[in-house]
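Shown next, in structure tokens, is the structure this report addresses.
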Amino acid sequence: MRLYLLALNPTDSVTEGFLPAAARLGLDVTVLTDQPDAHLRTCPDVEVLRCDVRDFRAVVSRISVHDSPGAVFTNSDHLQTQAALAAAYFGLPGKDWRATLRCKDKAEMRRRLAAAGADTVWSAELTAPAPPAAPYPCVVKPREGVASEDVVLVDGPEDLAIRTKEILERRPGTTLVAEEYLPGELCTLETLGDGRVRHVLGGFRTELSPPPHFVEQRLTFVPAHPEPVVAQVLTQLDALGVGFGACHTEFVVHEGRARIIEVNYRAIGDQCDLLLERLLGIPLFEHILRTHLGEPLPADPGARRDRAALLEYPCADRAGTLTDAPAATELIVDGVCLTYRPLRAVGERHELYRTNRDYLGVLRATGTDQDTVDRVAAGFLATLRWEIQA
């Protein structure tokens, strides 16, 4: 059976998660991408075909002249609607394209939640620096953006106009969304469904960089959020039509009220999914692929709930060339498993982006209690050094 996997740039989720899982399931894999050379470098043994994957018509056409599909799948934020439409065209299991569109389009997500009575957040779409009569502070961001790219907190009309002008100059033709700032503790909920059942796999508490930017710097695993909080988030996901495959939902909790920030209708990234599979002790990537093959999820996936974990992302604090950095490391300290992976190569020059593109590396730490995990992770990170020359 052939799995068509739609992708843009290579990601750890695909190369270390989904492709090995597909091999274990005995699937023939064809990667459709607009960046074939990059995928061939990372996965030389996988069939890679060039395709304009942002156009669902090109995806359908490319599949039609190749082998018959058994599944069409993507873990890319940008390609969920294209994959959903292609799967529907070939009569294969997949996400509802309307739900993927609601999640990707942040303005449409707000409209849908308000229309369903699930939550109402002030928001407005912007194509020019002229500021609306917004409640301040508010957040401005690309309507279909990802990874905190060009997401910024503004405190008044002048600030909003300046920030909007800056973003539109970097992203000509982009539509932005300004929306009211939602206070509270930032968390995530990780879910997995097959259209019949939906499992909550836990989530994370997220620590951000100081305002006005929103760079995720540390995530601490939460085996189970309070039931009333989970119920509120699931109600909002139901209003969006989300329930098939993996979903990574970001929300804030303030005075017991849970309000969605954004819905990424795919597995959590930045190596959190790799940690989650190991932490829960389940074949997470295989479960996700099986749903797209039309197989039901087990009534109880058997996920462990007795472990503690965190991920931390050392970030560049200035633009320049990385001249020295720690190598990949795996070790066990006081019963805590530490896995460090560099995310930027020595010799590379980068600007300061104020997004996850500033990540120098990622530390995954797992153990049996959070205090020990926190202590060991902090001690390990204190030994690492990065040198950046302007």
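The values are calculated or read from the model by the stated rules, or taken from the named source; none is laboratory data. The structure presented is a predicted model; accordingly, all values stated were derived computationally and were not measured. Here the Cβ is made from the backbone with ideal geometry for all residues, glycine too, and neighbour counts use every protein chain on show. All accessible areas refer to the heavy atoms of the entire protein, side chains included, with ligands and DNA or RNA removed. Shrake-Rupley method; radii C 1.70, N 1.55, O 1.52, S 1.80 Å.
Just a few scattered comments:
- Residues considered: 246, 224, 239. Of these, the only one that is of a type in the set (A, V, I, L, M) and either farther than 20 Å from residue 277 by Cβ or in contact with a Ser or Thr (Cβ under 7 Å, 6 or more places away or on another chain) (or both) is 239.
- For the range 1-20, taking the residues that are in contact with a Pro (Cβ under 9 Å, 6 or more places away or on another chain) and among the aliphatic types (A, V, I, L, M), the one that is modelled with the highest pLDDT is identified as 3.
- Of the residues 188, 127, 100, 164, the single one that is within 30 Å of residue 282 (Cα to Cα), out of contact with any Asp or Glu (no Cβ under 7 Å at 6 or more places or on another chain) and hydroxyl-bearing (Ser, Thr, Tyr) is 100.
- A Cβ distance below 8 Å, combined with a sequence gap of six or more or placement on separate chains, defines the contacts here; from the range 103-123, residues that are under 19 Å from residue 136 (Cα atoms) and touching a residue at least 40 places away in the same chain (Cβ under 8 Å) reach residues that are open to solvent by 30 Å² or more (accessible area, probe 1.4 Å) and part of a helix (DSSP H, G or I) in the pairs 121/114.
- Just one of (1) among the hydrophobic types (A, V, I, L, M, F, W, C); (2) in a helix (DSSP H, G or I); (3) within 29 Å of residue 235 (Cα to Cα) fails for residue 139. It is (2).
- Verdict on residue 147 being open to solvent by 20 Å² or more (accessible area, probe 1.4 Å), in contact with a helix residue (DSSP H, G or I) (Cβ under 8 Å, 6 or more places away or on another chain), part of a loop (DSSP other than H, G, I, E, B) and farther than 19 Å from residue 355 by Cα: no
- Output for the range 327-345, where each listed residue is part of a loop (DSSP other than H, G, I, E, B) and surrounded by fewer than 17 Cβ atoms within 10 Å (Cβ to Cβ): 327, 328, 334, 335, 345
- Residues being open to solvent by 20 Å² or more (accessible area, probe 1.4 Å) and on the phi < 0 side of the Ramachandran plot - total across the range 293-313: 13
- Criterion: under 29 Å from residue 278 (Cα atoms) and surrounded by fewer than 17 Cβ atoms within 10 Å (Cβ to Cβ) - qualifying residue of 40, 5, 79, 49: 40
Quick grid of which residues meet (1) under 24 Å from the mean Cα position of the chain (by Cα); (2) aliphatic (A, V, I, L, M); (3) within 14 Å of residue 335 (Cα to Cα):
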| position | (1), (2), (3) |
| --- | --- |
| 347 | no, no, no |
| 351 | yes, no, no |
| 355 | yes, no, no |
| 359 | yes, no, no |
| 365 | yes, yes, yes |
| 371 | no, no, yes |
| 376 | no, yes, yes |
| 384 | no, yes, no |
| 389 | no, no, no |
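- For residue 322: the one exception among (1) open to solvent by less than 10 Å² (accessible area, probe 1.4 Å); (2) under 22 Å from the mean Cα position of the chain (by Cα); (3) within 24 Å of residue 338 (Cα to Cα): (2)
- Residue match in the range 376-390 (condition: without any contact (Cβ under 8 Å) to a residue 60 or more places away in the chain and charged (D, E, K, R)): no
- If the condition is being open to solvent by 70 Å² or more (accessible area, probe 1.4 Å) and closer than 26 Å to residue 191 by Cβ, then the range 55-76 contributes only 56.
- In the condition set (1) in contact with a Gly (Cβ under 7 Å, 6 or more places away or on another chain); (2) in a strand (DSSP E or B), residue 311 is compliant with all but (1).
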